[in-house]
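The values are calculated or read from the model by the stated rules, or taken from the named source; none is laboratory data. The model shown is predicted, which means the values in this text are computed figures rather than measured ones. Don't worry about glycine lacking a Cβ; one is built from the backbone with ideal geometry, like all the others, and counts go over all protein chains shown. Side chains included, ligands, DNA and RNA excluded: accessible areas come from the protein's heavy atoms. Shrake-Rupley method; radii C 1.70, N 1.55, O 1.52, S 1.80 Å.
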Amino acid sequence: MDNRFATAFVIACVLSLISTIYMAASIGTDFWYEYRSPVQENSSDLNKSIWNDFASDEADEKTYSDALFRYNGTVGLWRRCITIPQNTYWYSPPERTESFDMVTKCMSFTLNEQFMEKFVEPGNHNSGIDLLRTYLWRCQFLLPFVSLGLMCFGALIGLCACICRSLYPTIATGILHLLAGLCTLGSVSCYVAGIELLHQKLELPEDVSGEFGWSFCLACVSAPLQFMASALFIWAAHTNRKEYTLMKAYRVA
């Protein structure tokens with residue numbers, strides 16, 4: 001194997017490994033989107049009701065979204081989290097004490113919630129099904145796992161290429177990484193579109209702001225790394241095979 005192709009293969013493997021780690025970390029963390037709101041220190045009846053509704057297994061999209069807006073919520077692919085005072089009171093204490101230590105409480109999206117229909121008016125089951133938001137949500141949940149699976153399968157093929165001491169199988173590895181990059185890019189696009197459509201339905205309160213978190217950024221970085229790894233794999237395999245064919249033809253001649 002030519003040193004140029006070996007170097008390209010090693011660089012592609014490193015990029016593939018980094019992108020896989022980034023993608024796995026992105027899937028497993030809860031900071032795809034973050035809300036920033038004033039700290040809610042007064043534990044009124046309304047606040048307790050919102051917390052209880054958020055923790056309920058029957059919480060609908062509007063219920064948990066209102067809690068996310070109000071309590072510095074973060075949303076991942078698997079879980080939603082809010083930050084609340086550690087202890088609750090039925091009155092407003094005269095001064096800030098240790099009881100106001102903030103804790104983060106999270107609720108996982110069940111598999112049923114991941115595939116549940118979204119409604120034209122969030123929380124209103126009589127408003128009709130919003131097919132666009134429904135399929136965007138399902139795609140943003142499924143595509144990262146497809147991407148991760150394709151990269152792992154590509155790694156197995158790359159391992160076979162190392163054992164065989166041949167670059168030919170890495171063409172398949174490059175194609176799989178290309179498909180993985182498209183899946184990652186599709187997941188990121190679906191997530192952005194879904195968030196924007198949700199905020200059109202449920203406008204953020206005036207004192208609340210939202211931004212994409214570092215988990216989302218990891219997914220965004222993972223996509224170009226997958227594309228670069230794919231390009232290197234395909235280039236190394238294709239060029240090496242072409243030069244081998246030309247050399248063989250020269251020897252025959």
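Among the residues making up region 70-80, those that are open to solvent by 10 Å² or more (accessible area, probe 1.4 Å) and on the phi < 0 side of the Ramachandran plot are 70, 74, 75, 78, 79.
If I ask for residues that are modelled with pLDDT under 80, part of a loop (DSSP other than H, G, I, E, B) and either out of contact with any Ser or Thr (no Cβ under 7 Å at 6 or more places or on another chain) or among the aliphatic types (A, V, I, L, M) (or both), which ones from region 55-89 would you list? Listed by number, the residues that qualify are 56, 57, 58, 59.
Could you list, in sequence order, all residues of region 179-209 that are small (Gly, Ala, Ser), outside any helix (DSSP H, G or I) and open to solvent by less than 30 Å² (accessible area, probe 1.4 Å)?
none
For residue 232, the requirement of being open to solvent by less than 70 Å² (accessible area, probe 1.4 Å), over 23 Å from the mean Cα position of the chain (by Cα) and within 25 Å of residue 13 (Cβ to Cβ) is met. In region 105-141, of all residues being assigned to a helix (DSSP H, G or I) and free of Cβ contacts under 8 Å to residues at least 40 places away in the same chain, the one that is farthest from residue 72 (Cα to Cα) corresponds to 131.
Might you let me know whether region 236-244 holds any residue that is in a helix (DSSP H, G or I), under 30 Å from residue 69 (Cα atoms) and basic (Lys, Arg)? No, there is no match, as no residue in region 236-244 is in a helix (DSSP H, G or I), under 30 Å from residue 69 (Cα atoms) and basic (Lys, Arg).
Any idea which of 47, 52 is buried (at least 17 other Cβ atoms within 10 Å of the Cβ), modelled with pLDDT under 85, polar (S, T, N, Q) and within 26 Å of residue 118 (Cα to Cα)?
47
Would you call residue 215 of a type outside the set (Val, Ile, Thr) and surrounded by 17 or more Cβ atoms within 10 Å (Cβ to Cβ)? Answer is yes for this residue.
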